[in-house]
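Encoded as structure tokens, the structure appears first; notes follow it.
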Amino acid sequence: NGSTLTWSATGLTPSTTYNFAVRAVTSTGTSAQSAVASATTFALGVELYDHFDENAGTIAMDASGFKRNGTLSGGAVWSKDRPNVLNDNSSIDFPANSTAVVTTPNASAFNFGSSYSLALWVKTPVVGTVHIIGQRSSGCGAVGWELAQDGTSLYMAGVASRQNFGQLLPAGVWTHVAVTNNAGTQTLYINGAQVASGTFGVGNHLALPLHIGAVGGCTGGE
């Protein structure tokens, strides 16, 4: 009806392009068909996709199809400083405190096992400590897993292990960071280029929310 502004297509096949068109029906007749819009579904296995394009409010919408939406809190705010990617409307700025965070409720897919992929854009004003994304107990407590950086290296931490990647994110530059783990072999890519690889196991058994920003209440750089 006229008040319906959204519609969800369900039961779609992964990695498939679908075409959509719209007609308006009124008491005086039916409109011509709209131009066709195309959309391609994600590959099987995408569990969370945050655009951070809302630019207002406190909800970050998940575009994966699972509707695992995140909530901004503790000083996390929308920003127009964003990477130069197609149709990117906004990003999120996290002040250097222990509260600024986007929180997404736990899903089993976030409790990383031996195979996973993680990719995101990151920009930090200075080279130094910054907590980026992960699962950690409150009070900067026990680590399920976390992608972070200290004064010496970008690293991935797990329950009982840590992989130092041997380099720091550059200051003041949007950088694409991707981590993949294939059956225990973990690889880091910076701006699409492989820069580190090694054996790593998360060993996560903590069913915690997923945090972006001040992971588990840890204080870090902006």
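Tell me which residues, restricted to region 153-188, are in contact (Cβ under 8 Å) with a residue 24 or more places away in the chain, surrounded by 15 or more Cβ atoms within 10 Å (Cβ to Cβ), part of a strand (DSSP E or B) and not aliphatic (A, V, I, L, M).
G158, Q163, T175, H176, T180, N181, Q186
Confirm whether V46 is within 27 Å of Y18 (Cα to Cα) and among the aliphatic types (A, V, I, L, M).
Values: within 27 Å of Y18 (Cα to Cα): yes; among the aliphatic types (A, V, I, L, M): yes.
Yes: the conditions hold for V46.
Among the residues of region 210-222, is there at least one that is in a strand (DSSP E or B), of a type in the set (V, I, T) and touching an Asp or Glu at 6+ places or on another chain (Cβ under 8 Å)?
Pass one, region 210-222, residues in a strand (DSSP E or B): 210-213.
Cutting the leftovers down to of a type in the set (V, I, T) gives us 212.
Cutting the leftovers down to touching an Asp or Glu at 6+ places or on another chain (Cβ under 8 Å) gives us 212.
Scanning region 210-222, I find at least one residue that is in a strand (DSSP E or B), of a type in the set (V, I, T) and touching an Asp or Glu at 6+ places or on another chain (Cβ under 8 Å), so the answer is yes.
Only one of these conditions is not met by V143: (1) over 16 Å from S98 (Cα atoms); (2) out of contact with any Leu (no Cβ under 7 Å at 6 or more places or on another chain). Which number is it?
(1)
So for region 158-172 (the condition being under 22 Å from Y49 (Cβ atoms) and touching a Gly at 6+ places or on another chain (Cβ under 9 Å)), does at least one residue qualify?
So far as region 158-172 goes, no, none of its residues is under 22 Å from Y49 (Cβ atoms) and touching a Gly at 6+ places or on another chain (Cβ under 9 Å).
Tell me which strands (runs of 3 or more DSSP E) are completely within region 13-130 and hold 2 or more residues being in contact (Cβ under 8 Å) with a residue 12 or more places away in the chain, exposed (fewer than 14 other Cβ atoms within 10 Å of the Cβ) and not aromatic (F, W, Y), or say none if there are none.
Working: elements: 17-20, 37-40, 70-73, 77-79, 91-93, 101-104, 115-122.
Answer list for region 13-130: 17-20, 37-40, 115-122.
So, in region 39-87, of the ones that are within 13 Å of the chain's Cα centre (by Cα) and among the aromatic types (F, W, Y), which residue ends up nearest to G113 (Cα to Cα)?
Per the criteria, the residue is Y49.
Coordinate-derived values only; no laboratory data. Computed from a predicted structure; not experimentally measured. Using ideal geometry, Cβ is built from the backbone for each residue, glycine included, and neighbour counts are taken over all protein chains shown.
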